[in-house]
Each structure stands twice: as C-alpha cells, then as structure tokens.
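Q: So that we are looking at the same thing, I have put the structure below in structure tokens.
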Amino acid sequence: MNEVKEDIFFITGNSSKYNEIQQLFKQETINYNLIQKDLKTIEIQAESIKSVAEFKINSVKDKLICSAFVEDAGFFVDNPLNGFPGVYSSYVMKTIGNKGILNLIENFEDSRAHFSAAIALYFKPLHKIFFFEGTVEGKVSNLQKGNHGFGFDPIFIPDEIPTKTFAELTTTQKNSISHRGKAWLKLIDFLRKN
Ligand code: ITT
C-alpha cells in the first residue's frame, strides 16, 4: 500500500534543534513528511516553557495549512541556582554563556540541573493544540567538555551517563535520553494514534 504522506511543519529558527528532531524522525515509520519552517513566531517571557510554546504556536496557527509544532526548551540549574536560567536560557546563552554559568557555581559535586522541553502541536484535523513534555536530570560539569550538540550541552552531565557531558555524546546517544527525545516519543505516539 502506498499512502500519500501528509506534511508536518517543525517551526524553529534553531537548526541544531531541527537536526536532532530530524534524526529522531528518520528512526520512525510514520505517515508524515517533516519540514522545517522558520516562521516568525511571538516568543513571550512566561513562567514556564509550556506557556512559551503555547503562545508561540497560537501566534501562527491561523496561517497554517497543515499540522505543525513548536518546541520550547530550557536549562535549569536547580542547585545552587534555583532553576536559573530556565525560561531565560536563550538570553543567558547569548549574554554570559556557559562560562558565565560556571562562574556562578562553587561546588560542582553537589550541583543538580535538568533540561526540559515542551512541544506544542497544532493538530489540523481536530483544530486543537496538544502538548508533549520531556525532562532529563543531571549535574553541572566543572569544565566545558565536548564538541557535539549546542547551547548548554558542554556543561551538562546526564545521570544516565555520568562520565560524559551531552556535548561528548553523539546525536543518537543524546536523543535516546534527552528532554527533546522524550517529548518527541510522546508526539510520535499521538500522531500514530490519531
Ligand atoms: P526556536 O526558534 O525553536 O525558539 P531557540 O534557539 O529560541 O529556538 P529555545 O527557546 O527552545 O530555542 O531554547 C533556549 C535556549 O536553550 C537555546 O538557545 C539553547 O541555548 C538552550 N537549549 C535548548 N535546548 C538545548 C539542548 O538540547 N542542549 C543545549 N542547550 C539547549
């Protein structure tokens, strides 16, 4: 049987995020074509990444000709920074960067951090928005390590692989444990059932 595949847009200006999702997409048999769209969305400063994602998708959904999703992610240093930079991750990366974060931490052994991702899907057949979230826990590395990935990857050590930072993992390894990979699996599950 040769079914015609529907298009689904991933609306993002961040090609590193797109590459990770594209790699995950390739591993699945699913009746969609994934297309990156760098549409102008409205990114508000909200208290949670889910609210940011919701606002972003709402700002473009009326123009969409097919189903589409946005993803908002953040890096949260729970100990000792009480979740900073969190929803300010993009701004903090552009201003003080990884070096600036490391300068704020004294005791790396006791540090705790996580990444979270929230995908907001505008599902055209039902004209509704659905959310899929994922989190990965770990700690902060006292040094920046690795050349893979992007953003805060060189300073995050996931609990699942405590000898390496995210930037020392291949995309496949990162995807298998990451916030984005977990949110993505929930999205795929939804698309298969609907
Ligand atoms: P969009 O166009 O999709 O909004 P963005 O770059 O603004 O892309 P986010 O708001 O989702 O992306 O993420 C905020 C920042 O958090 C991002 O610029 C990175 O610095 C960081 N970040 C997000 N996901 C990450 C990941 O998997 N690894 C490392 N850093 C990440």
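Q: On a 0 to 90° scale, report how tilted helix 15-26 is relative to the longest principal axis of the chain, with both axes built from alpha carbons and the result rounded to the nearest 10.
A: That helix lies at roughly 60 degrees to the long axis.
Q: While we're here: Mind checking the dipole of the chain: about its Cα centre, +1 per Lys or Arg Cβ, -1 per Asp or Glu Cβ, Debye to the nearest 20?
A: Charge dipole, the chain, about its Cα centre: 520 debye, nearest 20.
Q: Straight-line reach from Lys145: which lysines have a Cα under 25 Å away, not including same-chain ones fewer than 8 places off?
A: Lys17, Lys94, Lys99, Lys164, Lys174, Lys182
Q: Can you give the % of DSSP beta bridges in the chain that are antiparallel, to the nearest 5?
A: If we restrict to bridges inside the chain, about 75 percent are antiparallel.
Q: Defining a contact as two alpha carbons under 8 Å apart and six or more residues distant in sequence, what relative contact order in percent does the chain show?
A: Worked out over the chain, it gives 18 percent.
Q: Please check: in the Gaussian network model of the chain (C-alpha springs, under 10 Å), which one of Glu28, Glu54, Glu20 has the largest mean-square fluctuation.
A: Result: Glu28 has the largest fluctuation of those listed.
Q: Please report, for the Cα atoms of segment 55-194, the Rg to one decimal and the Dmax as a whole number; what are they, in angstrom?
A: That works out to 16.5, 51 Å for Rg and Dmax.
Q: Mind sorting Thr170, Thr135, Thr165 by how few other Cβ atoms lie within 10 Å of their own Cβ, fewest first?
A: Fewest to most other Cβ atoms nearby, the residues stand as Thr170, Thr135, Thr165.
Q: Which value at 222 nm does the chain reach when only helices count, each DSSP H run of 4 or more adding -39,500 (n - 2.57), with the total divided by all residues and rounded to the nearest 500 deg cm²/dmol?
A: -9000 deg cm²/dmol
Q: Kirkwood Rh, Cα Rg: Rg to Rh for segment 1-82?
A: Result: Rg/Rh = 1.05.
Q: Could I ask something else about it? Please identify every one of the GluC sites (Glu not before Pro) in segment 122-194 that sits in a loop by DSSP and has no more than 14 other beta carbons within 10 Å of its own beta carbon.
A: Taking segment 122-194 and a limit of 14 other Cβ atoms within 10 Å, the loop GluC sites (Glu not before Pro) found are Glu160.
Q: Please name which of Leu143, Ile177, Phe84 has its Cα lying farthest along the dipole of the chain towards the positive end, using unit charges on Cβ (Lys, Arg +1; Asp, Glu -1) and the Cα centre as origin.
A: Of the options given, the answer is Ile177.
Only the coordinates and a few stated rules stand behind these numbers; no lab work does. Keep in mind it's a predicted model, so treat the numbers as computed, not measured. Glycine also receives a Cβ, built like all others from the backbone with ideal geometry; neighbour counts cover every protein chain displayed.
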